[in-house]
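Some notes on the structure that comes next.
The values are calculated or read from the model by the stated rules, or taken from the named source; none is laboratory data. Values in this document were obtained by computation on a predicted structure and should not be read as measured data. Methodologically, a virtual Cβ is constructed for each residue, glycine included, from the backbone with ideal geometry; neighbour enumeration extends over all protein chains shown.
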Amino acid sequence: MKKVFSIAVAVFFILVGVLGLLSSLTTFSIDWRFLGAAIPLFIGLFFQVQYFTEKKEPGLLVPGGTLTVIGILVLLDFFFTDSVSEYIWPFYILAPAVGLFQFYWFGKRDRALLIPVTVLSVVCVVFLLVTLYQIPPFSYILPILLLVIGTFMLYTYFRKGRKP
């Protein structure tokens with residue numbers, strides 16, 4: 001693994017150096033902010049590839065999954081400017097849950113890992129619903145959805161013959 005990491009870092013430095021020289025010597029232009037936004041994605045994908053090619057260390061999936069999700073979110077924020085970042089911020093909470101779930105799924109299936117995965121996922125969904133509630137169509141859909149779910153829960157409770 002140490003050799004592969006050294007090779008990957010060397011190739012990365014060479015590519016950045018070539019792009020820098022092209023940008024300085026020609027009319028070729030690169031937006032360095034894009035490269036900075038893509039670095040978490042590249043590092044995360046590197047960890048993912050490391051695990052799936054060797055299948056030895058499932059612990060690589062925790063930073064791999066986390067950084068891949070963060071990299072995707074940062075790139076979305078880069079390409080769509082501020083219009084999307086105010087709505088996708090809850091997914092940053094989900095990033096470690098993705099890495100931990102991958103570790104659970106491809107590792108030893110330790111059920112204790114599902115506790116933080118569930119907590120982070122629920123927090124993400126709650127914040128996402130609160131964020132979407134501020135958009136006009138969702139401000140009607142969410143209360144109606146909650147009414148339907150609550151009514152269904154009461155219906156199934158009383159249908160079984162239980163008394164309050």
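Table for the structure above
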| read-out | value |
| --- | --- |
| Unique residue being at pLDDT 90 or above and either touching an Asp or Glu at 6+ places or on another chain (Cβ under 8 Å) or loosely packed, with under 15 Cβ neighbours inside 10 Å (or both) when the list is THR118, THR131, THR81 | THR118 |
| Region 44-71: number of residues that are of a type in the set (Val, Ile, Thr) and surrounded by fewer than 19 Cβ atoms within 10 Å (Cβ to Cβ) | 2 |
| Single residue of VAL62, VAL119 found to be under 29 Å from LEU142 (Cα atoms), without any contact (Cβ under 8 Å) to a residue 60 or more places away in the chain, assigned to a helix (DSSP H, G or I) and not basic (Lys, Arg) | VAL119 |
| Residues of region 76-116 classified as free of Cβ contacts under 8 Å to residues at least 12 places away in the same chain, closer than 23 Å to ILE135 by Cα and either in contact with a strand residue (DSSP E or B) (Cβ under 6 Å, 6 or more places away or on another chain) or not in a helix (DSSP H, G or I) (or both), total | 1 |
| So SER139, is it of a type in the set (S, T, N, Q), closer than 22 Å to PHE47 by Cβ and in contact with a helix residue (DSSP H, G or I) (Cβ under 6 Å, 6 or more places away or on another chain) | no |
| Which listed residue is assigned to a helix (DSSP H, G or I), at pLDDT below 90, aliphatic (A, V, I, L, M) and farther than 18 Å from VAL4 by Cβ, from LEU73, LEU35 | LEU35 |
